[in-house]
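Remarks on the structure that follows.
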Amino acid sequence: MNQKYIITGAPGTGKTTIINELKKQGYNCAEEISRAIITEQLASGCDTLPWKILNAFSEQVIALRKAQYINAPSETSHFFDRSIIDVIAYLIHDNLAVNDDIMKMVKKFPYNKTVFYTPIWKEIYVNDTERKADINSAIKIEQTLLACYKSFGYSLISIPKLPTNERVNFILSKI
């Protein structure tokens, strides 16, 4: 059985907080890498940022997400803060082309068909240096993400808006 689980959702909905709690409980997790790339790009004064050059930014994200997938153990549960499918959704959201190589990667690197998503939660949503999208944009991104995952045959389970430990317990009860 495929034990590679994705946690997805719009920006600012608690994915990273859930991943951090799963790590504290001893689970294998792959962290969100977009923020690290953004931080690095901002610090170096480069323009490979999602709000400037999304295609170039997406290429970096895909390469690192592919590496995360390949390096994840297959004999135990592993949780991913997003996947390559998220990159596709962001490209679609911005009306950019999705090349065949990216589409092939989705088939080559399958995850468990159950995908957990964190729904829009206005009360916890904040902008910061790495998160530029406003809440209305986040809502549209969420719609694109959900449609994209469904188009690849994944089943989506909404994580309830609860304290972090209860969100984690909910996820663990479903695997």
Partner lysines for LYS4 [C-alpha distance under 28 Å; skip if fewer than 8 residues away on the same chain]: LYS15, LYS23, LYS24, LYS66, LYS104, LYS107, LYS108, LYS113, LYS140, LYS150, LYS161, LYS174
Can you find, among ILE6, THR48, SER155, the residue sitting farthest towards the positive end of the charge dipole of the chain, where Lys and Arg contribute +1 and Asp and Glu -1 at Cβ? SER155
Protection proxy ranking, peptides 14-23, 79-88, average beta carbon neighbours within 10 Å, highest first: 79-88, 14-23
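For the chain, calculate the relative contact order in percent as a whole number, restricting contacts to Cα pairs under 8 Å that are 6 or more residues apart.
Here the relative contact order equals 35 percent.
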Which percent of Cα pairs goes in each bin when the distances of the stretch 48-166 are cut into 5 angstrom slices starting at zero? 2, 9, 19, 23, 22, 16, 8, 2
The chain - mean residue ellipticity at 222 nm from DSSP helices (-39,500 (n - 2.57) per run, n ≥ 4, rounded to 500): -15000 deg cm²/dmol
How big is the charge dipole of the chain about its Cα centre, in debye rounded to the nearest 20, if each Lys and Arg gets +1 on its Cβ and each Asp and Glu gets -1 on its Cβ? 480 debye
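Just so you know, all these numbers are worked out from the coordinates, no wet-lab data involved. The structure displayed is predicted, hence computed values, not measured ones. With ideal geometry, Cβ positions are generated from the backbone for all residues, glycine too; neighbour counts draw on all protein chains shown.
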